[in-house]
Amino acid sequence: MKTTITWLNAALATKDIGASMTYYRVADGMISATDGNITASYPWRFGNDGFLVPGVEFEKVLKRMPDNPTISAGEGNIKLKSGRLSGTIQTLPLTDWSHPGVDEAKWKKIPTELLPLLKQLRAFVSDDPSRQASQCIALENGFAYATNNVAIAGAKCDELGEIMALLPPWAVDFLLGREEGLTHWAWTDNYVAFKWFNKAWMRSQLVIGQFPEKAAALVRSAFDEKPTQEITEDFRTAFKEIAELAEDTIMIYADRIESKFGKAEIESESKCETPEGGCSTWGARFLAPALMVADSWSPKMWPAPVPFRGKLLAGYVVGRK
């Protein structure tokens with residue numbers, strides 16, 4: 001029971017923004033939660049269904065139980081008991097909770113590369129609320145794209161088929177925290193859904209809009225680039241050493257990587273090709289996602305957008321002048 005709630009509680013609203021969104025719905029052998037963006041449901045194997053239970057109270061009482069409790073339903077309440085500890089929680093009728101589902105006919109086997117793609121692209125998603133498309137991962141006609149408006153990345157995946165969707169970060173994060181046992185997905189113009197081997201499922205609203213075609217074309221062109229330098233583990237380690245301390249800007253020279261924080265200057269020895277002038281300059285948090293997924297890049301092209309390639313992704317990252 002505790003494992004079930006841990007899997008589900010990310011779909012529960014933390015604030016009472018709508019009727020019963022802070023309640024779990026227990027009915028028809030499933031326990032469900034929604035925050036208005038995500039609806040998720042997990043098999044309920046503990047008997048006694050047909051009620052809405054407030055999430056905060058249910059989780060707190062359950063957490064204190066030494067083992068999975070027994071549940072008995074009363075008039076407008078449920079009673080949890082495990083050992084000498086028991087708790088009674090007021091409930092609501094099922095009529096106070098809308099329960100959107102998924103059209104069973106739409107389930108398809110999930111593409112084998114989808115989760116690895118989402119995991120790598122998540123680091124490129126922007127946190128800028130003024131640009132909705134860049135806050136999402138776009139799935140479009142066999143390609144996936146993401147951008148933080150400084151670095152842009154994407155991948156080709158024929159298994160995606162004809163889906164055209166802006167997958168919001170809350171849906172991606174829910175999936176990446178529950179990868180094991182994911183088997184199917186489904187989508188419409190309004191939502192995307194995922195199903196696990198044990199019949200648990202999640203449905204998320206899609207963001208309205210489309211990834212900019214100019215940006216998508218730029219990603220596709222990155223697959224025609226031939227990056228000039230391998231990104232070695234030695235270089236990646238040196239960059240991480242500096243990036244973890246850097247306040248912001250990182251300078252890459254032919255024989256070292258440098259940055260500053262406060263009144264300190266730091267450097268790590270490492271070989272790298274450089275543009276004319278002997279140094280390229282970068283925003284640490286924008287370059288990091290590219291270097292973590294790429295196998296090669298062309299830093300000598302700085303200050304022009306620099307292409308990078310990995311096993312799955314390709315893209316460009318823009319430095320600082």
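Rounded to whole numbers, the Karplus 3J(HN,Hα) couplings from phi for segment 116-121 are x, 5, 4, 4, 6, 6 Hz, using 6.51 cos²θ - 1.76 cosθ + 1.60 with θ = phi - 60°, and x at Gly and Pro. Across q = 0.14, 0.20 Å⁻¹, segment 1-96 modelled as identical point scatterers on its alpha-carbon atoms has Debye log10 I(q)/I(0) values of -0.45, -0.96, in the order of the q list. Using θ = phi - 60° in the Karplus curve 6.51 cos²θ - 1.76 cosθ + 1.60, the 3J(HN,Hα) couplings for segment 220-231 round to 4, 5, 5, 6, 8, 6, 10, x, 9, 9, 6, 9 Hz; x is entered for Gly and Pro.
The mean sequence separation of alpha-carbon pairs under 8 Å and at least six residues apart, normalised by the residue count of segment 229-317, gives a relative contact order of 26 percent. Under the criterion of Cα pairs below 8 Å and six or more residues apart, the relative contact order for the chain equals 12 percent. Summary of packing: across the peptides 70-78, 101-109, 292-300, the per-residue average of other C-beta atoms within 10 Å ranks them, highest first, as 292-300, 70-78, 101-109. Working from the Cα coordinates of segment 59-148, the gyration tensor eigenvalues give, after taking √(5λ), semi-axes of 43, 19, 16 Å in decreasing order.
Diagonalising the gyration tensor over the Cα atoms of segment 6-51 and scaling each eigenvalue by 5 before taking the square root yields semi-axes of 19, 11, 7 Å, largest first. When you work out D = kT/(6 pi eta Rh) for segment 229-317 at 10 °C and 1.306 mPa s, using the Kirkwood radius from C-alpha pairs as Rh and the Stokes-Einstein form, the result is 123 µm²/s. If you split all Cα-Cα distances of segment 212-270 into 5 Å bins from zero, what percentages do you get per bin, shortest first? Cα pair-distance distribution for segment 212-270, in percent: 4, 16, 21, 14, 11, 14, 13, 6, 1. When the P(r) of segment 164-289 is calculated, the portion above 24 Å amounts to 55% of the C-alpha pairs. Using bins of 10 Å that start at zero, the share of Cα-Cα pairs per bin across segment 104-218 amounts to 14, 51, 30, 5, 0, in whole %. Segment 137-205 gives an Rg/Rh value of 0.97, both radii derived from C-alpha positions and Rh following Kirkwood.
Values quoted throughout were computed directly from the atomic coordinates according to the rules given, and no laboratory measurement underlies them. Note that this is a predicted model, so its numbers are computed, not measured. Cβ atoms come from the backbone with ideal geometry, glycine included; neighbour counts cover every protein chain shown.
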